[in-house]
Amino acid sequence: MANASAKKLAIANDRILDNLRKGFMIVHLLFIGYRIIYNWDTFTTGTLVLYMLTTGVSMFMYSTLETTGRPYYDATGTLIKSGEDMNAEGLTAYMFDIIYVTWFTQVMVALVSYKFWYTFLVIPGYAAYKVFPMLMTYLRQYKEAGITPQEEGSKSKRQAKMEKREKKGHVKYVR
């Protein structure tokens, strides 16, 4: 049995995924119709390769969203699973962003200039912008501890504790 919030989520997910499908059709029909058919003399193999590459990336993102977000119903029409929330932050939002950047790139290449293929570089640039601070924090922790990542697992806890005691200089007096 699904409650009201699951039904609302299922309806919203259906609407979002249907709009994505319509967007894909519009963008690809525009690209194929204008760039390939109307401007066939300017269509090159490089353009075909870039179009297939960007389409492949966006289709992978779409298929992932489709499998995780599409609601499932049984034969009687009862909601079995509402799917993941398509309005969620994090990875879902990044997938939508990649799809939208891809669409923008393809439409601008179709209508304006081939130089808009460079717009697709925004995606790895943004990924580097997000990953670089996390990587620096990770490396800084090792530097402050005085351990390189290769040395981390080489000593047992007992050995590290003994070395720490030796460095302190504690002297044990025996009678």
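The values are calculated or read from the model by the stated rules, or taken from the named source; none is laboratory data. Predicted, not measured: the structure shown is a model, and the values here were computed from it. Glycine also receives a Cβ, built like all others from the backbone with ideal geometry; neighbour counts cover every protein chain displayed.
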Query raised in the report: Based on what the data block shows, is A6 surrounded by 17 or more Cβ atoms within 10 Å (Cβ to Cβ), among the aliphatic types (A, V, I, L, M) and touching a residue at least 24 places away in the same chain (Cβ under 8 Å)?
Result: no
Requested in this report: Please indicate, with yes or no, whether at least one residue in the stretch 125-139 is hydroxyl-bearing (S, T, Y) and under 17 Å from F24 (Cβ atoms).
Outcome: no
**Report entry** Restricting the stretch 130-173 to residues that are among the aromatic types (F, W, Y) and assigned to a helix (DSSP H, G or I), the residue that is modelled with the highest pLDDT
**Finding:** F132
**Report entry** For L79: the one exception among (1) within 22 Å of T105 (Cα to Cα); (2) surrounded by 10 or more Cβ atoms within 10 Å (Cβ to Cβ)
**Finding:** (1)
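Would you mind finding the one in T102, T64 that is in contact with a helix residue (DSSP H, G or I) (Cβ under 7 Å, 6 or more places away or on another chain), more than 30 Å from N3 (Cβ to Cβ) and in contact (Cβ under 8 Å) with a residue 24 or more places away in the chain? Break it down stepwise before answering.
Values: T64 fails: more than 30 Å from N3 (Cβ to Cβ).
Checking each option against the conditions leaves just T102.
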Report task. Kindly indicate whether any position in the stretch 75-90 is free of Cβ contacts under 8 Å to residues at least 24 places away in the same chain, part of a helix (DSSP H, G or I) and out of contact with any Asp or Glu (no Cβ under 8 Å at 6 or more places or on another chain). Result -> no
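Mind counting the residues in the stretch 4-43 that are over 30 Å from Y72 (Cα atoms) and among the small types (G, A, S)?
Adding up the residues that qualify gives 1.
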Query raised in the report: If you check N19, N13, N39, which single one turns out to be out of contact with any Cys (no Cβ under 7 Å at 6 or more places or on another chain), closer than 29 Å to T68 by Cα and without any contact (Cβ under 8 Å) to a residue 12 or more places away in the chain?
Result: N19
